Amino acid sequence: MPKKLETAKAKLVRARKKRDGVDTIVREHEAAQARFDDAKEARDAVYADLTT
């Protein structure tokens, strides 16, 4: 296989791995944000119960 073709394929593989890593980080962030929002709603509900 020509050297340029091998290099081009390697670049595509590295780019795909990088995108997969970014996608994983985004999914983890969205899950953490959802947990934070749930905790905030629970805190607000407890606060509302204590102040009424």
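The values are calculated or read from the model by the stated rules, or taken from the named source; none is laboratory data. If you're wondering where the values come from, they're calculated on a predicted model, not measured in any experiment. Please note that ligands, DNA and RNA were not included when accessible areas were found on the heavy atoms of the full protein model with its side chains. Shrake-Rupley method; radii C 1.70, N 1.55, O 1.52, S 1.80 Å.
Go through segment 23-52 and give me each residue that's within 16 Å of the chain's Cα centre (by Cα) and open to solvent by 80 Å² or more (accessible area, probe 1.4 Å).
If the condition is that a residue be within 16 Å of the chain's Cα centre (by Cα) and open to solvent by 80 Å² or more (accessible area, probe 1.4 Å), then ILE25, ARG27, GLU28, HIS29, GLU30, ARG35, PHE36 are the ones that fit.
Considering every residue within segment 4-13, establish whether at least one is modelled with pLDDT of 95 or more and of a type in the set (Gly, Ala, Ser).
no
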